[in-house]
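Below: the structure, in structure tokens.
The values are calculated or read from the model by the stated rules, or taken from the named source; none is laboratory data. What you are looking at is a predicted structure, and each value in this text was computed from that prediction instead of being measured. Every residue, glycine among them, receives a Cβ derived from its backbone with ideal geometry; neighbour counts consider all protein chains shown. Remember, those area values only see protein heavy atoms, side chains included, never the ligands or the DNA or RNA. Shrake-Rupley method; radii C 1.70, N 1.55, O 1.52, S 1.80 Å.
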Amino acid sequence: MARNLGVSEVRAGLFLHDVELKYGFPFALDYSTVNLANWQNLNTEVLFALPDADILHWLGSPRLGLSTSLNFAGKESYARLAAVWHVPVFETGIFVEPMLGGAIHNGYLENAPAGQRNLGCRFLYFYGANVGYEITDTMSAMVTVEHASHWAQCEPTANDGINRLGVRVGWKLN
């Protein structure tokens, strides 16, 4: 089936701001840092179908995700662009979606006040994952975990990184 570049899905949800991930497995959440008062981020995402090309098939046929995470408590917000791979888990309706890309943020680079992060540079690497369930043919719900940092690629070397955990609902358009 031929795919063309166009909006394939839109998503929206709420995210916890600034949760901690334990070292080791990249998505091991440190539950002691989860503060339910930190539901501070409105997250939106538009997913684009990419052209039907051999190189994209070789890469696993990702979609391109353009997302924003707007913090309504005066902390870091960002926009990101990432490849999103949709991996169904058999015929269960459950899916996993690894994401990899880049982000730009409005937070502090260094000398952040208490409660803010030193992110080191304006542009950050981004990775994350969704685990979700397809409720209908056009609607899905998911839990999302995201991490952005500069991975020692820029000066100043402050690199607190930022992690978010959230829930979203998605609507397929085609």
- request: Tell me which residues, restricted to the stretch 103-112, are surrounded by fewer than 16 Cβ atoms within 10 Å (Cβ to Cβ) and under 13 Å from Asp160 (Cα atoms).
  value: Glu110, Asn111
- prompt: Name the residues in the stretch 92-143 that are basic (Lys, Arg) and closer than 19 Å to Asn38 by Cα, would you?
  reply: Arg117
message: I'd like to check something: does the stretch 139-152 contain any residue that is under 20 Å from Leu42 (Cα atoms) and open to solvent by 60 Å² or more (accessible area, probe 1.4 Å)?
response: yes
query: Just wondering, is there one or more residues in the stretch 32-49 that are on the phi < 0 side of the Ramachandran plot, acidic (Asp, Glu) and at pLDDT below 95?
result: no
task: Please find, within the stretch 65-82, the residue that is surrounded by the fewest Cβ atoms within 10 Å (Cβ to Cβ) out of those that are of a type outside the set (Ser, Thr, Tyr) and within 10 Å of the chain's Cα centre (by Cα).
output: Leu81
